[in-house]
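Beneath this line is the structure, given in structure tokens, with notes to follow.
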Amino acid sequence: MQRSVFFLLAISGLALASCGRPTAADTLAPAAALSTQTPAAPASQLVNPTAEPTLPPAATPTAMLVPSPTGGPAHTIATDLALDDADVVLYPVPTVYAGDKVTFQLLPHVPETINVNDVNAAIFVDGQQVAGGPLDRRNWNGQAEGVYEWAWDTTGLAGEHTIEIVLDPSDAIQTGDEDATNNRVTMTTTVEVASGQAALDVAATWQTTEINCCIVHVVSDTAAARDLATLLPQLEAAVNQAADRLTVQPSHKIDVYLIDRIVGQGGFAGADMVVSYADRQYAGGGIYELLVHEAAHILDQQFAPRRISFLAEGLAVWVSGGHYKPEDLTQRSAALVAMGRNIPLAQLIDDFYPVQHEVGYLEAAGFVTFLIDRAGWSTFKEFYSDVSADDGPTLSAAVDANLQRYYGITLAQAESDWLAGLKSNPPPPAAIEDLRTTIRYYDVARRYQALYDPTAHYLSAWLPHPTEVRQFGNPADLTRRPKTEMNVTLEVMLVAADTAMRDGDYVRANVILDSVSGILDHNGTIIDPMATSYLGIVRAAAEYGYELHAVELAGGSARAMATQSPDPRLKSLVMEMRGQNWVILSH
Ligand SMILES: [Zn+2]
């Protein structure tokens, strides 16, 4: 299923590119392209409050609102325009607190024959229309989507509310909407009173710091705000590294948002940079590499505004000196080939994003490294700046034509030379083990995300423009996330697997990944002793108000890093198993 979803996603990506929008690349490229779209000003989506609602809400049975979907919305072939309550997501997730400005994301069933922009929706809260207007687009998995940003201000509105959403309220669509009775959903939602940490989140504000390279935005009382003094020099160094390796002088300061939330793979860049910096960084990755990677995506647009995704991602990894940590990209590419996981270059270039993420990025980076090693940086820079989708009937044909022009070889010759070089230098077994474990780690982490933190998954996420969030929205749009016991347990296990992998302990990393996979396979049932220990540790710490971020488990004892709201500082806990229970020995 994942495959077909990714395939549809790629089509959307190409469509975006071909209509002349900048194809910003990133660790999470489709989202990057998203972020480059200029969102409509929120005001334009609001219906004039004095206007008569096109159709007053009817009294229909109240359904329970499911505020967050259980997974990426399944894209089924719709034959009739329809909406049900599972197609509605209210942001911020997973809970709306009084004071939040709610964004409505509609993911209705819209037959392929209907242009989504021809479908209007009207949103009512307690009988008052708060938003309306056409759906926006088909999103990355081909699903029709309408986003009505910051449409409902819940200040002072704690309690239950009736929400009614009507598709095609004036019944303008006939063909493809034979059954007009399923165009409307009514649901109740509860706006909670924020207390404790939630109250702090609601009261959070943006804090802006200007440094040489960047204008840095963080949300108060987050991990990034706490660690800003160490993050700023890293960011400065990261942008310098990107500028040096790309031989480009930054033309302006970069707006950088460090957000307390995992989004997709950890970051995205369009005109601005958005990078995840959370204590429980379950999508792994080194923050420094991530910063360099995203900075590269911004700076390379100065000389290659039309660059193609395959080359942009490959170059960003080369500029970073590794995807997730310092990596020998040639040796790692050799490992990919030795594993038989590399795919023909033409296929990868033409359809970059459907390919397994780690495989695609590494192969692109390996090939970029090969080209730079072959004829130097300046030749590559000219080549890179010149390749665009217009240079051939396909992207691979465009690369082929430009390789002939700048390197005097065809794509097929370049690929064959590159592979021959890699095969003549077999990688050490540890390089293969590291790559195999990395690929598996991210596959498991993305599966976790789709099931337990779905709005972080880039296929279904609403990724608002950060400047607009700052201006019109809530910091929580970019920070709030589900933190159930299961979320924390699975996330600390993923963090532990990542730590073991970085220490070169692939056996341990894989044992932890086996355990996480087992839980995902069995609907969250925890059976094996290791997972039972992690859950017991998370539970015991929670009794004292600790939220765990990392756990180092060794048999019947453990060390953990934790925060205790409202104090954002990290604390170290020593814990021990006593009988069936875990206890905190020191904190
Ligand atoms: Zn990238």
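Could you put 493, 486 in order of accessible surface area, largest first, with the 1.4 Å probe and the full protein assembly present?
486, 493
Label residue 249 and residue 552 with points 7 Å out from Cα along Cα→Cβ: what is the distance between them in nm?
4.7 nm
Run the 1.4 Å probe and let me know the accessible area of residue 155, rounded to the nearest 10 Å².
Approximately 90 Å² of residue 155 is accessible to the 1.4 Å probe.
Contour minus end-to-end for residue 220 and residue 570, with contour as 0.36 nm per residue of separation and end-to-end as the Cα-Cα distance?
Difference between extended and current length: 124.4 nm.
Expected output is a single nm value to one decimal: the length gained when fully extending between residue 210 and residue 339, i.e. 0.36 nm times separation in residues minus the C-alpha distance. What is it?
Extra length from residue 210 to residue 339 when fully extended: 41.9 nm.
For 282, 452, 544, what's the largest-to-smallest order of accessible area, 1.4 Å probe?
If we order 282, 452, 544 from most to least accessible, we get 544, 452, 282.
Using the Cα atoms of region 430-566 to build a convex hull, what is its mean projected area in square nanometres?
If I average the Cα hull's projected area over directions, I get 9.9 nm².
Over all alpha-carbon pairs of region 245-349, lay out the pair-distance distribution in 10 Å bins, whole %, shortest bin first.
14, 41, 35, 11, 0
I need two numbers for region 332-428: Rg to one decimal and Dmax as a whole number, Cα atoms only, in Å.
Considering region 332-428 through its Cα atoms, Rg and Dmax are 13.0, 41 Å.
Using only alpha carbons, build the gyration tensor for region 437-484 and give me the equivalent ellipsoid semi-axes, biggest first, whole Å.
Whole-Å semi-axes of the equivalent ellipsoid: 26, 12, 9.
What is the Rg over Rh value, at two decimals, for region 404-450, using alpha-carbon atoms and the Kirkwood definition of Rh?
1.24
For Cα pairs less than 8 Å apart in space and 6+ apart in sequence, what is the mean separation divided by the residue count of the chain, i.e. the relative contact order in percent?
14 percent
For the chain, what does the helix formula give at 222 nm: sum of -39500 (n - 2.57) over DSSP H segments with n ≥ 4, over the residue count, nearest 500 deg cm²/dmol?
-12500 deg cm²/dmol
Counting C-alpha atoms alone, how compact is the chain: give Rg to one decimal and Dmax as a whole number, in angstrom.
24.5, 74
Once the dipole of the chain is set up with Lys and Arg at +1 and Asp and Glu at -1 on Cβ about the Cα centre, which of 305, 475, 185 lies farthest towards its positive end?
305
Taking the solvent-accessible surface of protein heavy atoms with a 1.4 Å probe, what is the per residue accessible area of region 88-165 in Å²?
Heavy-atom accessible area per residue stands at 29 Å².
Put 549, 522 in order of accessible area, largest first, 1.4 Å probe: what do you get?
522, 549
On the Cα set of region 172-213, report Rg and Dmax in Å, please.
22.5, 60
Between residue 423 and residue 508, how many nm apart are label points set 7 Å from Cα along the C-beta direction?
Those two pseudo-labels are separated by 3.8 nm.
Please report, in whole Å³, the volume per residue of the convex hull around the C-alpha atoms of region 91-141.
So the per-residue Cα hull volume is 109 Å³.
Just to verify a number: what accessible area does residue 559 come out at with the full protein assembly present, 1.4 Å probe, Å² rounded to tens?
Only protein atoms counted, so the area is about 120 Å².
Rounded to the nearest 0.05, what FRET efficiency is calculated for residue 234 and residue 80 with R0 set to 56 Å and r the Cβ-Cβ distance?
Plugging the Cβ-Cβ distance into 1/(1 + (r/R0)^6) gives 0.60.
Taking 0.36 nm per intervening residue step and subtracting the Cα-Cα distance, what contour gain separates residue 517 from residue 373 on full extension?
47.9 nm
Report the normalised scattering of region 160-284 as log10 I(q)/I(0) at q = 0.14 Å⁻¹, calculated by the Debye formula with identical scatterers on the alpha carbons.
Log10 of I(q)/I(0), two decimals: -0.77.
The values are calculated or read from the model by the stated rules, or taken from the named source; none is laboratory data. Predicted, not measured: the structure shown is a model, and the values here were computed from it. For neighbour counting, all protein chains shown are included, and Cβ atoms are generated from backbone atoms with ideal geometry for every residue, glycine included. Keep in mind that these areas ignore ligands, DNA and RNA; they rest on the heavy atoms of the full protein, side chains included. Shrake-Rupley method; radii C 1.70, N 1.55, O 1.52, S 1.80 Å.
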